[in-house]
Amino acid sequence: MKNDTPKVFKSIFALFVVAIFMIGLFYAFVSMPKGWGVNVNNRVSRLYILKNVRTATRLLDSGKFFAKGMKPLRAEVPYKPIKFKKTANLEDGAANVVTSIVVDYRGFDTLGEVTVLFLAASGVMMLLFGKRVKPKRKKTEPSLIMYVGTRIAFAVIFLFGIYIFVHGHLTPGGGFPGGAVIASGILGLFLGRNGYTPNHAGLKVFESLSGIAFVIIGLIGLFSVKSFLANFLPTGIIGNLYSAGFISLIYIAIGMKVGSELAAVVDSMIGDTKEEWS
Amino acid sequence: MIIYVATIVVIVIIITSLIAVFSKKLLSSIISMGLVSLGVSGLFFFLQAPDVAITEAAIGAGLSTAIFVIALKKVKKGETKDEE
Amino acid sequence: MNIFNNAALLIGIPLLFAFSIPLFGFISKQLTKWVTIFVIGFNATFSLYILLAHKFPSVVVMGNWVPPFGENLYVGPVAVFLVTVVSLIGLLIAIYNLWAIKGGDVTRFSVLFLMYIAGASGIILTGDIFNLFIFMEITEITSYALAAYGPERRALGGAFKFLVVSSIGSTLYLLGVMLIYTQLGTLNIAEIAARIGQTTPGLLTFAGVLLISGLAVEAELFPFNGWVPDTYTGAVNGVSAALSGIGAIAGVYALFRIVMTVLGKDGMYVLTYGKLDLMAVIAILATATVVIGELSALTQKNVKKMLAYSSMAQMGLVAAGFSIGSTLGVYGGIFQLINHSIAKSMLFLIVGVLVAAGVGERIENFKGLWKRSPFLSLAFTIGAFSMLGFPLFAGFWSKFAIVGASIQRGGWYDFIIGLVLFASVAEAFYYLRIVTYIFSSTEMEKPKIKVNLSPAIPIFILAVAIVAIGVYPNLIGNFSMQSAGEFTHKMKDYVLNVIPTITAH
Amino acid sequence: MNSNIIWLVVIPLIGAAVSAIVVRYKLLDRIVTFLTFATTLFVLFSVHVGDSYLWSFKFLGTTLNLTFGVSHLSIFMLYISVVFGTVLTFYSLIDRSKMKGFLLLLILAANNWIFMANDMLGFFFAWELMGWSSVLSVLGGRETENSRHSALYYAMMSIAGSYSMLFGIFILWRLTGTFSIAANVSYLSSTLGMHPWWVLGIVSLFFVTFMIKSGIFPFHTWVPLAYAYSPDSFTPFLSGVMSKYGVYGMLLFLPISLMEKGFPSAFGGIPWANYTFVWIGVVTAVVGTILAIFQDDVKKLLAYSSLSNLGYVVAAIAIFSPVGVTAGIYHAFNHLLFKGALFITLIAVISRTGTSKMSEMGGLWKKMPITFFTFFIGIASAAGIPPFNGFGSKWMIYQAMIKQHLPFAIILLFLASTGAFMYLFKAFHSVFLGQLSHKYDNVKEVSVIGQIVEFFLMFAMIFFGVQPGYILKPIGAIVSSMGLKPLPVMANGYVTGMFSNVYVPLIGWSLAISFIFGFILFFVTAKHKYVPQENNYTAGQNPQDWGLTPETYQFSWNFYQPVEKLFAPFFKIKVDGFFRGVGDWTKATGSAIKEIFVENAQMYTFFAVVGLIIFVIAGWVA
């Protein structure tokens, strides 16, 4: 809206927009199925409840599940309890369900998300590209406590980040938060040391190599299991560190990539550049 | 118990987001946005989504706030240059 | 289930090289452009192979999870055809960029350009609405950055407008996906398409509206297309060509995949809108887009801005063709989409060469261009004539098909096509004005324009393509026909290929 | 089935491709153009009525049949256009204007296709092809900026017409499911009784296109511009051949009115739709004549003259009686011949003098005698003076009107005919007679090629004037193929029964002999002395005192000033203003709409949100 529009109209319009959305969303949630009292099978994709794709596929191929008179599924599908640190060769093998969805079932989306982040970082770097100008000395030097503290904290934060993505398939977390945590550690270094610059070439190589690793893992799946981003490793025993196939490999790649990327973004934001067009 | 804590968090989120919108100073807007992210992160945790909560805390409350502050600083630098 | 999983390479290889281009950048900046050309060339060859070997429809399963559990790519007639076109046009623009992109961060530019084409291919190939969102994000983010590239300040402004409007579009789309997911518990396009009848009607309207509004931003339909003129004008010409030639294809495809396959039914539409069906609403929007675009371009003195408005109008025409809903209409829409991409990207490339040669972007500067560079003026004329739909040029057949389909449908579509034709007369005015400027000689002798080989090759190929399609329309007409079938017979041609045992409710 | 006829389209296309390749080498380009025309003419000799060709290809999801067929009308049109084109391109071998050969050849291909098309699909394709190539041909005249403007103006009219026809074609397709012209015309005839207004509406969609192409009254505004500012060697083709496409199209659709059930007869026993159309023709004739009288640019003058002649043609064919159609087609042919001759002689004059302003010429007959004679016969023919070809057709048009009892129309046409003599005499007098300006002392006669062509045209104008039977016979075949009763044509004379017992060729020959005698007498007995042009009527006074400038000394300056004063009130009504007004209004709307895009991201966001909200509300309310 133009600047000379009276403020009252702006506010009324804003309220109107908000009201429309509130009504829409309210309606959406009211008419949404509740978890209780309603046959969830009619609402949620019936086959997801199975948690076992092979069985579901068999049932699907038999043509039963999209017939009109559907029965509750639990009666037909045999239920087998999963025991931590005991059960082996599960379909997916990750103790963390979120991770198994994110990296395994919908791994292609994750590859896309990593790419989105990569491209956003590339875009920022392309816009801020130019000849680097040596930053002026700040007027206030960071205190000694800050200087020492960030360096100590960096080690801890770095370790924590690595822990988060290495344990992605077991505990909450994964590549994205892990990488972000590492990047915030590096941000701390920027704050605590005057004129700190990371190794740019190193960051770039790191970023590229981890991205390449992700895609190559996918391609290995394509050539060994005949499907892009398919799990080509044994799933192991649930709960072990070495389990869940390629999930941890992918998470390591993602973690390194996200960490180096965000660090590079912070670096290019902080550093002063001068535009140059030949 | 959790429901009370969650309610308080929600109230904090609403208040901080209102501050972010109506504040005249951009810096305080950015800081309150960081607070919103922090609150949301807590809310995610209460809603049993720890994965999302960690990510939100690291990116929303940490990195993006920092990047906003840096950007603001750069913009201000550009403004003063123009005035000179 | 026919599995031809190697089609995943169409996404995988560009991603692999996009990640590794920064490494090539250490060796030489020029090398990164060549890598881009190589990768897009691979995509073009591979998709052309699939298209000609007729290895479709096939469902490419991702992560070894059969649909609807995992994600899948749907390599059908539409997807293969459009991906081929997108990568071929992308290849030509990449060849142009060899000469045009100098200065700035060339390495990152190569990465972004490559991923722009991969993202557009992904939008077209994917069989999952959330995955569609991811690829939409990839194309949008790359296009913000690409549009901001360049020494001029206006590039930043254009990119910023695109960013703002487009982010809103993405958000709306995501909300729509969320509502669909809560209703049906699935993200697979085929499964949603089969079970769309099970949703709550009111909620479906809300979700559908959100989805359409989100996608209309990319497809350049009227109230959502404010970004078009500034972004196209601001961006470097190679990027404008890509936006109009590649992004537009992906945007329109996504819109009508959602509207016709996901929300639609065979022949009639579940999502009714009072007495109109949803397609009628889109038809109204499309007509508004055509009329507003053409009339805005009418008095424009800046050629690039004029081409931008014209792009908008042409996308409206494409949408009008699709929204007729009959096979003939969709056929015309797809055909027009391809013709528009070829011609408009060529026109932008020509303007790029002219700007670099110091001719500038004003219409008056085109005076007597015929004397200065016959090649460029001839190519520009061919492009303009194709836009206007003159016979012996590609645009004739598609415009013909759209008008025919719309009159065949009858009713108030007669009125719509009448308006569109009126706007086309306006379009003829502003294109022919430039053409007449080009061929009218001036007294002043200006230096001849030298065209390098790198921009000359793509312009030449595109011009030849326009004439070839104009003389022999079935060159792409047959593929368009297959594609139209997939849109209009969704159960037979789409859903049952993905999930053979599914039955519609 | 005769595959020869497809070559009539293919050869010009191949020629166009070759010509486009050699476009840099102008002489080669002209030779290629001429050879292509000649080859096409050669192929045309092997084409007969009833030949047909089917070219089916898969498009739009079904098999489409492009059908070519040769009817009596089409072979007539093919012959006159190709022969004229051959003569013209032969003449253009020596030409220096900027006509591009490949565009002319594209028009030739479209020309042959239009005349042979049996289906509306091919007809439209060829029509559009002809449209854009002629628009490009108009570019490149002597006055660059004017030529640009007129090309644009012509293009806009032409495209508006094409879209109107496209709309009509598809509406007919929806109704009948076929593109065949004959089938659709018979469908229209059969529905005329039930839904006369619908039929009229659909047919008007087509007729608007045809009227625009032929420059009939409300759509005549582009004609003088395009004719005057097109390259000189293209103007004869534009005027002679291309104005006939509209007439051809009208003749295709006019048989609908054979069924008079739909419309009650108006005055004169013809349906009132036809009656209206006759009047449109008459108005065109009158308007063209009046405007032609006051032109100073000789090409513009002849352009308005073309307009007026096409008015005659349309008025005649709209009557749709045997005499009317015969007269109309005959006049169309005559117009092609004499207007072609006039424009071709003008190319010679303009290329020698470098101007097309009549007030800058004068006295050229001494320098270019053969050209002068051709021009003389041309205007005599155009004015309808008996021994030459223009007389017969005008005479028959009056006959047709008298038969249908249209007295007022005849009076106006007579008036127009008198006016025609006025402007033609003006052109004749101002260009060739009077005093020769000193700057033209070194002007030469046209080259040998030009003289050959001029002799040929002179011969043709006299021959078809005194032996009209050669042209009336094929026209008789056309008329009978349209379902009308053909006129009985004598072996080499006019139609029997129309001139009672007078043997027309005899009149012709005797008049021709007396003309020649008169000329000899004039040259023998003439006693005159030449005075320098600047010295004739100022009598030693300084003309600057009277407010005169050197160009106003010319005798043809403001030739018809008194008449102009007489008609002054009518000039205030400008049809041109209407179209320009529509254009300006559209432009104004465009620049208003452009304001939507305010280059402000907030505003764009606002649009998107408003659009979404309208969507949502409409979805819930409905």
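The values are calculated or read from the model by the stated rules, or taken from the named source; none is laboratory data. Keep in mind the model is a prediction, meaning the values are calculated, not measured. Glycine gets a Cβ as well: all are built from the backbone with ideal geometry, and neighbour counts include every protein chain shown. The accessibility values were calculated without ligands, DNA or RNA, using every heavy atom of the protein model including side chains. Shrake-Rupley method; radii C 1.70, N 1.55, O 1.52, S 1.80 Å.
Tabulated data
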quantity: The range C:18-164 - Rg and Dmax from Cα coordinates, angstrom; calculated: 16.5, 49
quantity: Probe 1.4 Å, accessible area per residue of chain D, Å²; calculated: 39 Å²
quantity: Semi-axis lengths (Å, descending) of the ellipsoid that matches the C-alpha gyration tensor of the range C:336-396; calculated: 22, 12, 9
quantity: The range A:97-274: radius of gyration and largest Cα-Cα distance (Dmax), Å; calculated: 18.2, 60
quantity: Charge sum, other residues only, whose C-beta stays under 14 Å from C:G127's C-beta, Lys/Arg counted +1 and Asp/Glu -1; calculated: -3
quantity: Globularity ratio of the range C:165-304, using Cα Rg and 2.2 N^0.38 Å; calculated: 1.15
quantity: Quotient of Cα Rg and 2.2 N^0.38 Å for the protein assembly as shown, N being how many residues it contains; calculated: 1.09
quantity: Residues of the range C:37-66 buried by at least 20 Å² on assembly (accessible area, 1.4 Å probe, chain alone as reference); calculated: C:M62, C:G63, C:N64, C:W65, C:V66
quantity: Dipole-positive endmost among D:V47, C:A426, B:G60 within the protein assembly as shown (Cβ charges, Cα centre); calculated: B:G60
quantity: Dipole magnitude (debye, nearest 20) for chain C, charges at Cβ of Lys, Arg, Asp, Glu; calculated: 1060 debye
quantity: Value at 222 nm in deg cm²/dmol, rounded to 500, when DSSP H runs of n ≥ 4 in chain D each add -39,500 (n - 2.57); calculated: -22500 deg cm²/dmol
quantity: Mean Cα-pair separation over length for chain C, i.e. relative contact order, pairs under 8 Å, 6 or more apart, %; calculated: 17 percent
quantity: Dipole of the protein assembly as shown, positive direction: furthest Cα of D:Q399, D:S162, A:T140, with charges on the beta-carbon; calculated: A:T140
quantity: Loop-located trypsin sites (Lys or Arg not before Pro) in the range D:86-172, at most 16 other Cβ atoms within 10 Å (DSSP); calculated: D:R96
quantity: Distance between modelled label sites at A:I216 and D:L175, nm, 7 Å Cα→Cβ extension; calculated: 7.2 nm
quantity: Largest-first principal axis extents of the Cα set of the range D:581-621 (Å); calculated: 43, 26, 6
quantity: Protein-protein interface of the range D:159-174, residues with accessible area decrease of at least 30 Å², isolated chain reference, 1.4 Å probe; calculated: D:I159, D:Y163, D:L166, D:F167, D:F170, D:W173, D:R174
quantity: 1.4 Å probe accessible area per residue over chain C, in Å²; calculated: 24 Å²
quantity: Alpha carbon convex hull of the range B:2-83, volume per residue in cubic angstrom; calculated: 65 Å³
quantity: Members of C:K450/D:K439; D:K357/D:K403; A:K10/B:K25; A:K83/A:K257; D:K213/D:K394; C:K102/D:K26 lying beyond 31 Å, as alpha-carbon distances in this model show; calculated: C:K450/D:K439; D:K357/D:K403; A:K83/A:K257; C:K102/D:K26
quantity: Estimated FRET transfer efficiency when R0 is 25 angstrom, pair D:F567-D:K587 (beta carbons, to 0.05); calculated: 0.20
quantity: Spin-label model distance (nm) - A:F232 vs B:V69, 7 Å beyond Cα toward Cβ; calculated: 4.6 nm
quantity: Calculated SAXS-style log₁₀ I(q)/I(0) at q = 0.07 Å⁻¹ - chain C, Debye, Cα scatterers; calculated: -0.34
quantity: Accessible area of the range A:205-278 belonging to carbon and sulfur atoms, whole % at 1.4 Å probe; calculated: 71 percent
quantity: Accessible surface buried upon C-A contact (total; probe 1.4 Å; Å², nearest 100); calculated: 6100 Å²
quantity: Centroid-to-centroid separation of the range A:231-276 and the range C:44-116 [C-alpha atoms, Å]; calculated: 25 Å
quantity: Charged-residue dipole, Cβ positions (Lys, Arg, Asp, Glu), chain B about Cα centre, Debye nearest 20; calculated: 200 debye
quantity: Euclidean distance of C-alpha centroids, the range C:427-477 and the range C:275-315, integer Å; calculated: 23 Å
quantity: FRET efficiency, 1/(1 + (r/R0)^6) with R0 60 Å, evaluated for D:V22 and C:I27 via beta carbons; calculated: 0.80
quantity: Diffusion constant of chain D at 10 °C, which comes from Stokes-Einstein with the Kirkwood Cα-pair radius and 1.306 mPa s, µm²/s; calculated: 61 µm²/s
quantity: Cut-off 20 Å, label 7 Å out along Cα→Cβ of A:L191, residues of the range A:138-172 by amide N; calculated: A:138-162
quantity: Average accessible surface area per residue within the range A:97-274, 1.4 Å rolling probe, Å²; calculated: 42 Å²
quantity: Counting DSSP beta bridges with both ends in the protein assembly as shown, the antiparallel % (nearest 5); calculated: 95 percent
quantity: DSSP-loop chymotrypsin sites (Phe, Trp or Tyr not before Pro) across the range D:1-96, with at most 11 other Cβ within 10 angstrom; calculated: D:Y25
quantity: Rounded percent of accessible protein surface that carbon and sulfur make up, the range D:581-621, 1.4 Å probe; calculated: 69 percent
quantity: Two-site FRET efficiency, C:H489 against D:L433, from Cβ-Cβ distance with R₀ of 60 Å, rounded to 0.05; calculated: 0.20
quantity: When each of C:K55/C:K492; D:K100/D:K339; A:K204/A:K274; D:K244/D:K426; C:K344/C:K492 is checked by Cα-Cα distance, pairs over 29 Å; calculated: C:K344/C:K492
quantity: Cα-projected label distance for A:A153 with D:T418, points at 7 Å along beta-carbon direction, nm; calculated: 10.8 nm
quantity: Computed helical MRE - 222 nm, chain C, DSSP H runs ≥ 4 contributing -39500 (n - 2.57), nearest 500; calculated: -24000 deg cm²/dmol
quantity: Peptide ranges D:603-614, D:420-431, C:115-126 listed from the most packed, as the mean C-beta count within 10 angstrom indicates; calculated: C:115-126, D:420-431, D:603-614
quantity: Accessible surface buried upon D-C contact (total; probe 1.4 Å; Å², nearest 100); calculated: 6000 Å²
